[in-house]
Amino acid sequence: MKAVVFGLGGIGLNVIQGLKLAGADMIIGVDLNNDKAEWGRRFGMTHFVNPREIEGSIVAHIVNMTRTAFDQIGGADYSFDCTGNVEVMRDALECTHRGWGVSVVIGVAPAGAEIRTRPFQLVTGRVWKGTAFGGARGRTDVPRIVDWYMDGKIEIDPMITHRLSLEDINRGFELMRSGESIRSVVIY
Ligand SMILES: NC(=O)c1ccc[n+]([C@@H]2O[C@H](COP(=O)([O-])OP(=O)(O)OC[C@H]3O[C@@H](n4cnc5c(N)ncnc54)[C@H](O)[C@@H]3O)[C@@H](O)[C@H]2O)c1
């Protein structure tokens, strides 16, 4: 299975963990911030792309990366938008494989924003879907996810990059904006 994750914040990194658990062979992480490459690798990303450092479009780049001798068409089996940027959502859909590619919108776009693509992208067999909280059913799935954490199957602790006092809460927002933190915990 080949997958692409756009945006390597706390959400994208957890998607990478999920992909690893699901047995993905190729996990491509895409981010504008090169510092996120190390984070991605830490959780199982196999390739990193900074869209600002490639020639041509990110869609063509990913299609090329996923092309093989047996599959001259190329495209990811799954892609995930973890940015909330509607242009990225479009790229995420269009870099999936025709016939069976599935692209999942996780990022929350600004109020009123709209997504677009050519209908051809869907009529050729791609699926565009979204998820809130991973589609988890709270009563049955959350205890299972907690067990995975307790058994060390998934890692959460390394994502807590900062611990702040309540007086420093504004620093927490700065850290989020600058991309320095993954998750900050406010202790009060
Ligand atoms: N659907 C849900 O259930 C759910 C739950 C929680 C959060 N979210 C949403 O998921 C998104 C990600 O959350 P987060 O906490 O990981 O945010 P974050 O800000 O920590 O991470 C976003 C990452 O995307 C990167 N990025 C931004 N623009 C990009 C672009 N054009 N191309 C490539 N990378 C780009 C940033 O550099 C950053 O590393 C947010 O929109 C958030 O609101 C959705």
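Table: residues versus (1) within 16 Å of the ligand (Cβ to nearest atom); (2) in contact with a strand residue (DSSP E or B) (Cβ under 8 Å, 6 or more places away or on another chain).
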| position | (1), (2) |
| --- | --- |
| Val88 | yes, yes |
| Thr131 | yes, yes |
| Gly134 | yes, no |
| Asp147 | no, no |
| Met150 | no, no |
| His162 | yes, yes |
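The set of residues in the stretch 108-141 that are surrounded by 12 or more Cβ atoms within 10 Å (Cβ to Cβ), farther than 21 Å from Asn85 by Cα and of a type in the set (A, V, I, L, M, F, W, C) contains only Ala136.
Restricting the search to the stretch 103-129, which residues are over 22 Å from Asp77 (Cβ atoms), under 20 Å from the mean Cα position of the chain (by Cα) and away from the ligand (no atom under 14 Å from the Cβ)? If the condition is that a residue be over 22 Å from Asp77 (Cβ atoms), under 20 Å from the mean Cα position of the chain (by Cα) and away from the ligand (no atom under 14 Å from the Cβ), then Glu114, Arg116 are the ones that fit.
Rundown of residues vs (1) touching a Lys or Arg at 6+ places or on another chain (Cβ under 9 Å); (2) not β-branched (Val, Ile, Thr), yes/no style:
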site: Val4; (1), (2): no, no
site: Lys36; (1), (2): no, yes
site: Thr66; (1), (2): yes, no
site: Asp91; (1), (2): no, yes
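You will find that of Ser165, Ser103, the residue that is modelled with pLDDT of 95 or more and crowded, with 17+ Cβ neighbours inside 10 Å is Ser103 and no other. Looking only at residues of the stretch 25-43 that are closer than 17 Å to Asp77 by Cα and touching a helix residue (DSSP H, G or I) at 6+ places or on another chain (Cβ under 9 Å), we find that the one that is nearest to the ligand (Cβ to nearest atom) is Val30. Scanning the stretch 45-69 for residues that are within 16 Å of the ligand (Cβ to nearest atom) and among the small types (Gly, Ala, Ser) turns up Gly56, Ser57, Ala60. If you go through the stretch 72-100 and pick out every residue that is surrounded by 22 or more Cβ atoms within 10 Å (Cβ to Cβ) and of a type in the set (S, T, N, Q), you end up with 3. Restricted to helices (runs of 4 or more DSSP H) entirely inside the stretch 1-87, those with at least 2 residues that are of a type in the set (D, E, K, R) are 36-43.
Among the residues of the stretch 1-46, those that are surrounded by fewer than 21 Cβ atoms within 10 Å (Cβ to Cβ) and among the charged types (D, E, K, R) comprise Lys20, Asp25, Asp35, Glu38, Arg41, Arg42.
The values are calculated or read from the model by the stated rules, or taken from the named source; none is laboratory data. Just so we're clear, the structure is a prediction, and the values are computed from it rather than from any experiment. No Cβ is skipped: glycine too gets one built from the backbone with ideal geometry, and neighbour counts run over all protein chains shown.
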